[in-house]
1. Consider Asp143 carefully, then state whether it is surrounded by fewer than 17 Cβ atoms within 10 Å (Cβ to Cβ), in contact with a Gly (Cβ under 6 Å, 6 or more places away or on another chain) and of a type outside the set (Val, Ile, Thr).
2. Can you confirm whether the range 55-65 contains a residue that is assigned to a strand (DSSP E or B), in contact with a Ser or Thr (Cβ under 7 Å, 6 or more places away or on another chain) and buried (at least 18 other Cβ atoms within 10 Å of the Cβ)?
3. Out of the residues in the range 147-157 meeting the condition of being touching a strand residue (DSSP E or B) at 6+ places or on another chain (Cβ under 6 Å) and in a strand (DSSP E or B), tell me which one is surrounded by the fewest Cβ atoms within 10 Å (Cβ to Cβ).
4. Which one of the conditions (1) within 13 Å of the chain's Cα centre (by Cα); (2) outside any strand (DSSP E or B) does Ala113 fail to meet, given that it meets all the rest?
5. So Gly38 passes all but one of these: (1) under 17 Å from Thr118 (Cβ atoms); (2) in a helix (DSSP H, G or I). Which condition number does it fail?
6. Working carefully through the options Ile21, Ile41, Ile32, find the one that is closer than 25 Å to Met166 by Cα, modelled with pLDDT of 95 or more and not aromatic (Phe, Trp, Tyr).
7. Which pairs turn up if I take residues in the range 24-44 that are buried (at least 24 other Cβ atoms within 10 Å of the Cβ) and look for partners that are assigned to a helix (DSSP H, G or I) and of a type in the set (S, T, N, Q) with beta carbon separation below 7 Å, at least 6 apart in sequence or on another chain?
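The values are calculated or read from the model by the stated rules, or taken from the named source; none is laboratory data. In this text the structure is predicted, and so the values were computed from the model without any measurement. FYI the Cβ positions are ideal-geometry reconstructions off the backbone, even for glycines, and counts take in every protein chain you see.
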Amino acid sequence: MKVLLSEEQLQQGIARMAAEINQRFGRQPLTIICVMTGSIILVADLIRQLEMPVKLGSIHTSSYRGETKRGDLQLDASMLPDLTDAQVLIVDDIFDTGHTLDAVSRHIQSLGAADVGTAVLLYKHGRQEIEFDVDFIGFDIPDEFVVGYGLDYQGIYRNLPYVGVMESDDLSPDA
């Protein structure tokens, strides 16, 4: 596996994103929606650098189910707080095709949020299938399959403290 973003680079990028979020939202209360499971590590690091009162919620999405190619998107919104008139920031691990963030955004808006922003750790170029403007981006990355810092392959590698690029021998059944 090749390291794409080191621990230090990740922390610098998250600090930059937090500063941008603080500037946009100021001191007004903000509801952070963690897109599970991939963004849990990012959310934990990010919210400790936010200056406004923060409420947390989560939404579980799944589209890969053990593969490296996207399948049908499933949403479980049972862990969302009341979002009526709330300032909301959806935090996801990666923007790839755009389907997940688009679906989550539309769902959050349908629940009556006053404002819905989006933040992603990684923006993968060359894979977008949906026109969508992400508000806060940690890093632009090439079109490669990445793991670590919350991102997984068949449920493993989320615990890596860096973002790594999966190479062909990493994708074997014995990985």
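1. When the stated conditions are applied, Asp143 passes them.
2. So far as the range 55-65 goes, yes, one or more of its residues are assigned to a strand (DSSP E or B), in contact with a Ser or Thr (Cβ under 7 Å, 6 or more places away or on another chain) and buried (at least 18 other Cβ atoms within 10 Å of the Cβ).
3. Tyr153
4. Result: Ala113 fails condition (1) only.
5. (2)
6. After ruling out the rest, the residue left standing is Ile41.
7. Here the result reads Val35/Thr100, each pair linking the range 24-44 to a residue that is assigned to a helix (DSSP H, G or I) and of a type in the set (S, T, N, Q).
Here is a yes/no grid of residues against (1) surrounded by fewer than 17 Cβ atoms within 10 Å (Cβ to Cβ); (2) within 24 Å of Leu160 (Cβ to Cβ); (3) not charged (D, E, K, R):
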residue: Pro81; (1), (2), (3): yes, no, yes
residue: Val88; (1), (2), (3): no, no, yes
residue: Asp93; (1), (2), (3): no, yes, no
residue: Leu101; (1), (2), (3): no, yes, yes
residue: Val104; (1), (2), (3): no, no, yes
residue: Ala119; (1), (2), (3): no, yes, yes
residue: Phe132; (1), (2), (3): yes, no, yes
